[in-house]
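The values are calculated or read from the model by the stated rules, or taken from the named source; none is laboratory data. These figures come from a predicted structure and were not determined experimentally. Cβ atoms come from the backbone with ideal geometry, glycine included; neighbour counts cover every protein chain shown. Calculation scope for accessible area: heavy atoms of the full protein, side chains included, ligands and nucleic acids excluded. Shrake-Rupley method; radii C 1.70, N 1.55, O 1.52, S 1.80 Å.
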Amino acid sequence: MDTPEPLRVISLCSGLGGLDLGAHHGFFGHTELIALCERESYATSVLLSKMQDGRFPSAPCWTDLRTFPFSEFREVPNLALFGGFPCQPFSVAGQREADDDPRHLFPAIEKGIAMCKPRLVLLENVDGIASAKLGGADETSVLKHVMESLEGLGYITEATSVSAREVGGGHNRRRWFIMGVLADSDNCGGLRVCRDVARLSSASS
């Protein structure tokens, strides 16, 4: 997605900054990190150390996603939101409690997106997000729920599943990447509304 100005990025659940650096050096070109949010003390200490050494862009850091001041960023031009929200509720290595797991943070992210309306959203999660189900009678796939939630907020969405081996890694470690672009943006980057989430979910199982 080519943009004449840098994407100004809010990074949520930043971890060690891999998604942010990958997006910057990979497929978005120049990005400008303007805020990040990470609660784990080890990760924040590593990020702050990298900022001091000039190996990671300096930006204010919050530690609680649920109290992050999203509304303060609504008027920022060319705003983007990146986030690899916690995978434990969906991972096959865990209990897979989905929205019953207190670490399920997508509702807070969805609320934040509605408040600041970034031009672009990029989310990442484990392969199990496609087969994990929300509670309730319809047992909706979490992947389908996330994409439909973004579409309900006015985003054109697409998702893809990529393994580390496919991009040169020595192991499989498959991940889902979900992208949303505001439907009224000047350049939607060729994205289209992806209604066939059932196909995407079955492809990963």
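Amide H neighbours of Arg174 under 5 Å, at least 5 residues apart or on other chains, H built in the peptide plane: list them.
Answer set, sorted by chain and number: Ala164.
At a 1.4 Å probe radius, carbon and sulfur cover how many percent of the accessible area of segment 33-78?
Working: 1360 of 2870 Å².
The C+S portion of the solvent-accessible surface of segment 33-78 is 47 percent.
Please identify the GluC sites (Glu not before Pro) of segment 111-155 that satisfy two criteria: DSSP loop assignment and at most 11 other Cβ atoms within 10 Å. Which are they?
Glu139
Could you work out how far apart the two model spin labels at Ala43 and Arg74 are, taking each label as a point 7 Å from the Cα in the direction of the beta carbon, and quote it in nm?
2.7 nm
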